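Undergrad: I'd like to ask some things about the structure below.
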Amino acid sequence: MQTTSNTKQSRPPQTVAIMYGFSEGPGLANAFTDALEKAGFQVIADVMQADIIVAHSGGCYLVPEDSRAGLVILLGATFWPGRPLFIRAMQKIWRDSASHWQAGQFGAWGKKLFWHSTYFWCMPRNVAMWRHQDPKTWPKLAGKRVVHIRYTDDAFCGPAIATSGLLPNATFVNLSGQHDELWRHPEQTVAVIRKNS
C-alpha cells in the first residue's frame, strides 16, 4: 500500500504547453498558469514535448500535428459562420471591457490592454493565424484526444462549432464566461483539463 502511494507521488507531473491566440502571450496567463501548477501540472514552453497542449482562439489553428501531446484542449476556436470577424472582434472588446469595468477591475483591464498591445506586434505568428482561419487549413489532430471548450458568451466562437463536423473526434464542453475567461477565471477550465488528462 505504501509503495503504491509513493509511486503515485514520484510520477512526474504531466506537462502542459500553451498556444496563445492573436495578440496574446504569457503576460496574460499568470492566473491560468498558477491554476495549472496548483492542480499538479508543469507548464513548459516546448509545444512539441508537452503531454497536453492548450490552444486558445487563433492558437487553435497552429497546433502542430506531429507533437507528442496525447491530449489537445482547444478553447474558443475562432469560428462563427455568417458573422464577420470585424463584428466579432468589436463585440469581444465591448463585452470584455464592460465586464472589467462593471467588476471595478480597472487595473486588470489596463494590464490586459497593455499585453494585447505588446503581443500585437508579434506579426509572424499573428499573420500565420490569419492565414489559417479557413477551417480547410486547420490542423488534423488524428491520434490525439481533442476537447473543445466554448464559453457561452464567446463573441468569436459560435455554438455551431459542435455540429459543424470540423472537429469530428472532439468532445465538446460549454462553460460560462467570455472568450478570454481562462485568463481571468481559470478554475473551471483547469477542472476540465484535469478531468480529461
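The values are calculated or read from the model by the stated rules, or taken from the named source; none is laboratory data. Everything numeric here is computed off the predicted structure, so don't read it as measured data. Neighbour counts are summed over all protein chains in view; Cβ atoms, including those assigned to glycine, are modelled from backbone coordinates with ideal geometry.
Undergrad: Pairs needed: first member in the stretch 72-85, closer than 30 Å to Asp51 by Cβ; second member anywhere, of a type in the set (Phe, Trp, Tyr) and modelled with pLDDT of 95 or more; C-beta distance under 7 Å; at least 6 residues apart or different chains.
TA: Listed by first residue and then by second, the contacts come to Gly76/Tyr151.
Undergrad: From Ala69, Ala160, Ala128, grab the single residue that is touching a residue at least 60 places away in the same chain (Cβ under 8 Å), closer than 19 Å to Ile18 by Cα, out of contact with any helix residue (DSSP H, G or I) (no Cβ under 7 Å at 6 or more places or on another chain) and among the small types (Gly, Ala, Ser). Walk me through it before giving the result.
TA: Values: Ala160 fails: closer than 19 Å to Ile18 by Cα; Ala128 fails: out of contact with any helix residue (DSSP H, G or I) (no Cβ under 7 Å at 6 or more places or on another chain).
On inspection, the qualifying residue turns out to be Ala69.
Undergrad: For the stretch 80-98, indicate whether the set of residues that are touching a strand residue (DSSP E or B) at 6+ places or on another chain (Cβ under 7 Å) and under 17 Å from His179 (Cβ atoms) is non-empty.
TA: yes
Undergrad: Within the stretch 25-46, can you find the residues that are within 18 Å of Cys122 (Cα to Cα), of a type outside the set (Gly, Ala, Ser) and buried (at least 19 other Cβ atoms within 10 Å of the Cβ)?
TA: Of everything in the stretch 25-46, just one residue is within 18 Å of Cys122 (Cα to Cα), of a type outside the set (Gly, Ala, Ser) and buried (at least 19 other Cβ atoms within 10 Å of the Cβ), namely Leu28.
Undergrad: For the stretch 69-181, please list each of the helices (runs of 4 or more DSSP H) lying entirely inside it that holds at least 3 residues being polar (S, T, N, Q) and surrounded by 13 or more Cβ atoms within 10 Å (Cβ to Cβ).
TA: Numbers: elements: 85-102, 106-120, 123-131.
Result: 85-102.
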